[in-house]
1. Restricting to region A:182-209, name every residue that is closer than 17 Å to A:His229 by Cβ and among the β-branched types (Val, Ile, Thr).
2. In region C:143-163, what count of residues is obtained for those that are farther than 21 Å from C:Val117 by Cα and at the interface with chain B (Cβ under 8 Å from one of its Cβ atoms)?
3. Filtering region C:280-295 down to residues that are touching a helix residue (DSSP H, G or I) at 6+ places or on another chain (Cβ under 6 Å) and surrounded by fewer than 21 Cβ atoms within 10 Å (Cβ to Cβ), which residue is nearest to B:Pro150 (Cα to Cα)?
4. Restricting attention to region A:179-233, report how many residues are among the acidic types (Asp, Glu) and within 14 Å of A:Gly56 (Cα to Cα).
5. Output the residue which, of all residues in region A:306-335 that are in contact with a strand residue (DSSP E or B) (Cβ under 9 Å, 6 or more places away or on another chain) and among the small types (Gly, Ala, Ser), is surrounded by the most Cβ atoms within 10 Å (Cβ to Cβ).
6. Give me the residue from region C:164-184 that is touching a Ser or Thr at 6+ places or on another chain (Cβ under 8 Å) and within 15 Å of C:Leu115 (Cα to Cα) and, out of that set, farthest from the other protein chains (Cβ to nearest Cβ).
7. Return the total of residues in region A:171-223 being under 23 Å from A:Glu103 (Cα atoms) and in contact with a Leu (Cβ under 9 Å, 6 or more places away or on another chain).
8. For region B:144-166, which residues satisfy the criterion of being within 7 Å of chain C (Cβ to nearest Cβ) and among the polar types (S, T, N, Q)?
Amino acid sequence: MSAHVTSPEPAPAGTADTSRPVLSVRDLRVWYGTPRGPVRAVDSVDFDVRPGETLGLVGESGCGKSTLGRGVLGLAPEGAAVDGEVNFRGTNLVSLSKKQLQELRGPELGLIFQEPMTRLNPLMRISEHFAETLKTHEPGLTKDQVRERALEALRGMGIPPSRYHNYPHEFSGGMRQRIMIALALVLRPAFVVADEPTTALDVLVEAQIIRILADLRRNFDTALVLITHNLGIVAEACDRVAVMYAGRIVEQGDAREVFARPQHPYTQELLRSTISLSTTGLHYIPGAPPDLVEPPTGCRFHPRCPKAMKVCAAVEPPDVLLNSGSTSACWHQAQNIAGAIPPEHATDGREPLALAEEISVADEA
Amino acid sequence: MSKQSGSLRRYVLTRIGLAVPMVLILLVLVFVLMRVAPGDPISAAQGGHLTPAQLAQKRHQAGFDKPLILQFWEYLRSVLTLNFGTTISDGRSVSSIIVQNGGVTLTLAVGAVVVALGLGVPLGLLAGRYRDSAGDTVTRVFAIVTYATPVFFLGLLAQLLFSSHLGWLPSSGQADTLVQLNVPTKTHILLLDALISGQWDAVWNIFQHYLLPWITLGLLIVGVFIRMIRINLIQTLQGDYVEAARARGIKESDVVVKHAFRNSLVPVVTVLGLQIAMLLGGAVLTEKTFNLSGLGSMLINYINSRDYIAVQGLVTFFALVVVVISMLIDFINALIDPRVRY
Amino acid sequence: MTQTALTSAPEPGSLPVGPTPAGKRFRGLRRFLAPIRQAHGMPKAMLWTGGIITALLALTAILAPLIAPYSFDAYQSGGHQFPKQGHPSGTHLFGTTVQNFDVLSRVVYGARTALEVMILAVVFSLILGVLLGLLAGYLGGWLDRILVLVMDALFAFPYLLLAIVAGFMLSGIIGGGVVTAALSITIVYIPQYFRVVRSSALSAREQVYVEAARAMGAKPSTIVRKYLFGNVIQSVPVIATMNAGDAISTLAGLGFLGLGIQPTEAAEWGYDLQRAIDDVNSGMWWTALYPGLAIVLAILGFTLLGEGLNDVYNPTIRRRRIIRAVLPVPTARKRLHEAAGNGGGTGSTTGDNGKAGTTSETGTTPEEGDGQ
């Protein structure tokens, strides 16, 4: 894999408004085996996260967001194949052993889950959860130190010390999620994945959790990947955004830039589909996300893309680094670059696909 | 803490309250079952042997000439005072039978549960942990075969092998006669009496006698434990909080032992409660197989002598035992699992 | 039988009622059969083994007079008395019992008794359990509450004791035969069917489609037939198969306690085992081993069948087989830089992994973008 991916160059001095990335992912693939063949849940994905930065990962459900988040942390399910590079402070997590990964999870890497109600062991008091986590990674801690550290983390999340010895079922969903966050952060990991942390919660609690996550990166320089399908959260809480479709990141860049001037047709459609006060009619993207066992040829979005061209159905679009700093994997941006379109499609590649499809066949039911 | 013990007390009280209608229904059931036969118990038991006058006298004594509703009322009253009547055939009080012969059944049942747990928990956990391995398959087949083998056949096979052929263990009774005579009776539980009096030879002798019955009856219920624990563990290992524990970097061994094992064993208590019925039925057969004079053997004897009062009393006692044990099981559950109390 | 055969070729003459298209009538059956065909691994092995054992048992039962060398109650043949407790030999393959019976014949005829009692018990409890369950679930009210209480009590009661008491009482009324044994076992299994049917009846009552059917004037019998049996059809076969094994075990238990079928009426394995207790103590193995093995095999057959069905229908146990995904060598993704002036690309095509934010071009370009 290192044959074609040179390790990311250090950020050029002077230009960087941020420091080196904590985590940089290159060509990461996570495929599941099924009787029908491998599911390409994450298929060649690149991204970076710097300290104190929040990267929003958005897309429809089933596009591979959660798999990506878990794959990065080495938590891909049994039987999944993972390759590529997840460079965390100079070590490639993909090549680490299970044991080494386990030791990093907690003090260096954290994960916050979607549904807080079932993530705490019902037979263990909150105190026992903290003691277990702290003692595993810092065996030398005394009982008092454990307590002190845990209470500090809980206080940061607004959980009073009097509840320290309670059982999980004695807390509400919002409180449990804050406990989960405190538990994930008690060891101050440098990189955290939050997988739809607010989906299961009501709107008020959601705002609270988002504020907590925002404080977190300000205060501790934590790098955060926030997986969500709520574009409002991204606009509010993320510095950068990566839009995922069918196992690929199709567009990524500065959150404001992407929202203001979405380049990839999928991003454009996704943004049009959101509801706001100014919405007059509901927009939706026709069709469903593709089958990841046999994804469409060429651009994976082309069957649903209103702007698809002939070349889109045949050749996979390259990632185009735009002058705005965003990246978009779309022929609409690539076609203007000399030599990008392969010669065999050079003549008719730019013709709209819809026309060609109607003429050819209607084999899809 | 005080709040929790308060909730526990509330739970216990509610649970006892729930048991009352259950007991009532069971009593009605036993009463009705015992009276579906034509005629009445006395004439059924001793019809041929007595003159009509003697019969009428006996029926009057036992109250069988009263209206049914009154009979039921007296039955209820006798149960509430834990006096289950006096047998027709040999004039013993049922409560004394329970006291004197209950020890055998109790010893048998407790030992069987120990065997079932001692074998079922580790096997179930291993099978679930190493799911779909060869060991898992063997364990599952073992569970099914033990389930399919009737206790009495297993008992007979064990007797054939270990008593008749190998001569390692005695094949029947709960102790040698001499031992039984020499152990002073305190609790009516022979093993316990021997332990209390410190007669270690007697203890060893009794232990040898009970070993085959314990294993036989234990194997009857071990299959259920293996299956339940295996499935629980498999589900727990795929559960949300196990993944969350992994995400916090908890050691894999701790994840499996502390989070998965412990949680998958909680329902074992419940399963144990459900197995009590099976255990009692199995105990009757085991007692018969190994010639142990427990309550099951007594019940069968009284059935064969068509002693309705004895049968009614013993069956009532069994019903009460089932209700009390299922209640106890729920209390233990509430102690182990904090969620139950709510 | 394939799926298409079931839909396209319904028996024309059968069940002429109603306008129901014939294909629909078999939907329940198809829903029942489809998972069985898709079974693999352990459930498949269990289904097959159980099926074969059960088939052999049934065959033995039906052909008992042909297979068994003597009648189950024969103690002599051609004026020649059988030996007492005779060793297995050429004339008596499995030996003879203390009552001079031929063990092999009794084992073979025992299959007949076991099957008869089992079928009667399962059918009785099925009919009673389903009827009571439907009544309770569909009508509700006081009847429901009382039935639930009684069924719970029956269910909690040690089932062998229940059968013992029932057999004890019934034998006083109708004597000890196959029907008595079957009836005393029946009472044990009624609660299980009752529970399943009642809960699906309850949930069906709440279902919108039943509501709609009733609003359109469908008769209660139609609703019960069409909607309830459709829901129940998957769980009842599993319970019935499991109970079949259990019923054989209970029958043998009753026989072992001397409370089952009278030995002169039919050959019964449990009774034979009871008679073998003393043999075992004196070291004789054949009188216990063969009837015992027969019981184990019979129960095993039904249990495996039931377990297999349960695995197939109960998705909590069903295993998503882990298939390792194999990753092909990755194809290098192309990465291009948009040129500052919309002109020719920077030329670099592959392998240039400077991505968003990490390159020097960040923020230097005015927002003219492209492709608007």
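The values are calculated or read from the model by the stated rules, or taken from the named source; none is laboratory data. Values in this document were obtained by computation on a predicted structure and should not be read as measured data. A quick note on method: Cβ atoms are made from the backbone with ideal geometry, for glycine too, and the neighbour counts reach across all protein chains shown.
1. A:Val193, A:Thr198, A:Thr199, A:Val203, A:Ile209
2. Within region C:143-163, residues that are farther than 21 Å from C:Val117 by Cα and at the interface with chain B (Cβ under 8 Å from one of its Cβ atoms) number 6.
3. Looking at residues that are touching a helix residue (DSSP H, G or I) at 6+ places or on another chain (Cβ under 6 Å) and surrounded by fewer than 21 Cβ atoms within 10 Å (Cβ to Cβ), I get C:Trp285.
4. Filtering region A:179-233 for residues among the acidic types (Asp, Glu) gives A:195-196, A:202, A:206, A:215, A:221.
If we keep only those that are within 14 Å of A:Gly56 (Cα to Cα) too, we end up with A:195-196.
Matching residues across region A:179-233 total 2.
5. Let us first name the residues in region A:306-335 that are in contact with a strand residue (DSSP E or B) (Cβ under 9 Å, 6 or more places away or on another chain), namely A:307-310, A:316-335.
Then drop every residue that is not among the small types (Gly, Ala, Ser), which leaves A:308, A:324-326, A:328-329, A:334.
Numbers: A:Ala308: 23, A:Ser324: 25, A:Gly325: 22, A:Ser326: 27, A:Ser328: 33, A:Ala329: 27, A:Ala334: 23.
Only one residue fits best here, namely A:Ser328.
6. C:Val178
7. Of the residues in region A:171-223, the ones under 23 Å from A:Glu103 (Cα atoms) are A:179-195, A:216-217, A:220-223.
Adding the requirement that they be in contact with a Leu (Cβ under 9 Å, 6 or more places away or on another chain) leaves A:179-187, A:189-195, A:216-217, A:220, A:222-223.
Looking only at that region, the number is 21.
8. B:Thr149, B:Gln159, B:Ser164
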